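Shown next, in structure tokens, is the structure this report addresses.
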Amino acid sequence: MHIAVQPLTWTKPAAGFVKCNVACSWSEASNTCGGAWLARDSNGMALCHSCRSFSGISSLRQAEQITLSWAVAAMKDIRWQRVIMEVSSPRLQDLLFDPRGLRDQSPWALEIHNALLTFEMGCFNLVSMKANTLAKEIATSVTRDRRSNLM
């Protein structure tokens, strides 16, 4: 598994890879989260995407964790083998990019890392919010438009 910090704008993945951008939007008032992922190929073409609502979410950190877990599980379910996951959250950076995060958040962080190990090649990239705009807009539409029947 490889973890990297990438450029400020979205870039196409190398041939044979799928890039999956992941984002969430959390509403403190309703304790709900909108999650979204968007997978694109080496030509930049969208292969598929998904969004959903999560309820009973008590913090932004929990929203980001559950959204990333859901997106990684989707990549496994689709059975893509060469996957680049992109996130733009400083909180996820602390959990995923700091080796101490594996110990401190053991169940969740270990689950994510172990899921990545099932891919032929899998990695996380920390990207700017600008590089994650489309996924963020989709996630925001879930909470903004109160789309709770997205499963």
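The values are calculated or read from the model by the stated rules, or taken from the named source; none is laboratory data. Treat the numbers as computed from the prediction; the structure is a model and nothing was measured. Please note: Cβ atoms are built from the backbone with ideal geometry, for glycine as well, and neighbour counts cover all protein chains shown.
Structure summary
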| item | result |
| --- | --- |
| All positions within the range 53-75 that are surrounded by fewer than 15 Cβ atoms within 10 Å (Cβ to Cβ) and either part of a helix (DSSP H, G or I) or in contact with a strand residue (DSSP E or B) (Cβ under 7 Å, 6 or more places away or on another chain) (or both) | S55, A73 |
| Residues (at pLDDT 75 or above and not in a loop (DSSP other than H, G, I, E, B)) located in the range 77-106 | D77, I78, R82, V83, I84, M85, E86, V87, P90, R91, L92 |
| Index of the failed condition, A135 passing every other in (1) of a type in the set (G, A, S); (2) at pLDDT below 80; (3) buried (at least 17 other Cβ atoms within 10 Å of the Cβ) | (2) |
| Subset of the range 122-144 [within 21 Å of A73 (Cα to Cα), in a helix (DSSP H, G or I) and aliphatic (A, V, I, L, M)] | L134, A135, I138, A139, V142 |
| Output for the range 8-35, where each listed residue is within 21 Å of F124 (Cα to Cα) and β-branched (V, I, T) | T9, T11, V18, V22 |
| Index of the failed condition, L60 passing every other in (1) out of contact with any Gly (no Cβ under 9 Å at 6 or more places or on another chain); (2) at pLDDT 95 or above; (3) not hydroxyl-bearing (S, T, Y) | (2) |
| Any hit, the range 27-40, residues being part of a loop (DSSP other than H, G, I, E, B) and either of a type in the set (V, I, T) or more than 10 Å from T143 (Cβ to Cβ) (or both) | yes |
| Selection from the range 74-88 of residues that are without any contact (Cβ under 8 Å) to a residue 60 or more places away in the chain and under 20 Å from Q62 (Cβ atoms) | A74 |
